[in-house]
1. Given the condition charged (D, E, K, R), closer than 17 Å to Thr143 by Cα and open to solvent by 70 Å² or more (accessible area, probe 1.4 Å), answer yes or no: does some residue in region 58-70 qualify?
2. What residue, of Thr111, Thr74, Thr85, is in contact with a Leu (Cβ under 9 Å, 6 or more places away or on another chain), β-branched (Val, Ile, Thr), open to solvent by 20 Å² or more (accessible area, probe 1.4 Å) and closer than 16 Å to Ile46 by Cα?
3. I'd like to check something: does region 111-123 contain any residue that is modelled with pLDDT of 95 or more, small (Gly, Ala, Ser) and farther than 13 Å from Leu144 by Cβ?
4. Taking only region 126-148 into account, find how many residues are under 21 Å from Leu101 (Cβ atoms) and modelled with pLDDT of 90 or more.
Amino acid sequence: MSASLATRRVLATLLAAGTLIGAATLPAAADDHRRDHRGPHSSLVIGDVQYDSPSRHDRSNRALNREWVEIRNTGRHSLNLRGYTLTDQQGNRYRFPDFRLEGRSAVKVHTGQGRDTRHDLYQDRNRQIWNDRDIWNDRDTATLRDHRGNVIDTESWGRRGHQHRG
């Protein structure tokens, strides 16, 4: 009978220890889960990219604005993109103005000049930058960074086709 009592005590001790360990790790796991899904920039992605304007060698403003990168907010809440940047492989950089991107919406960042609206922003450049036919490099990558310089999303195209990393 003492062996049975000893066995029950050992099992009770193991169960109690397991419960304490489980309770101690639960808040950390819940915290990690919340952080993954509620990250401040996890809903921003690079959507479509029009990198090869049909009138590639035409430097008209119309041709420049046919080249664009779309930024999508897939979340429900609006985000202010002030200080965010969009860059290409050659180091061309566009810094977003004080611009609020509504939830579940998108904005196209055009290369040329125009009047900014809630659906279209303009870099005010006088030459195309998103390309796949550069004589030195037939690829390009668009990189979206937050105001602290953290990479939010990238989109690549060219020799190896179209690739998205987010």
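1. The answer is no, given that none of the residues of region 58-70 is charged (D, E, K, R), closer than 17 Å to Thr143 by Cα and open to solvent by 70 Å² or more (accessible area, probe 1.4 Å).
2. On inspection, the qualifying residue turns out to be Thr74.
3. So far as region 111-123 goes, yes, one or more of its residues are modelled with pLDDT of 95 or more, small (Gly, Ala, Ser) and farther than 13 Å from Leu144 by Cβ.
4. 7
The values are calculated or read from the model by the stated rules, or taken from the named source; none is laboratory data. Everything numeric here is computed off the predicted structure, so don't read it as measured data. For neighbour counting, all protein chains shown are included, and Cβ atoms are generated from backbone atoms with ideal geometry for every residue, glycine included. The accessibility values were calculated without ligands, DNA or RNA, using every heavy atom of the protein model including side chains. Shrake-Rupley method; radii C 1.70, N 1.55, O 1.52, S 1.80 Å.
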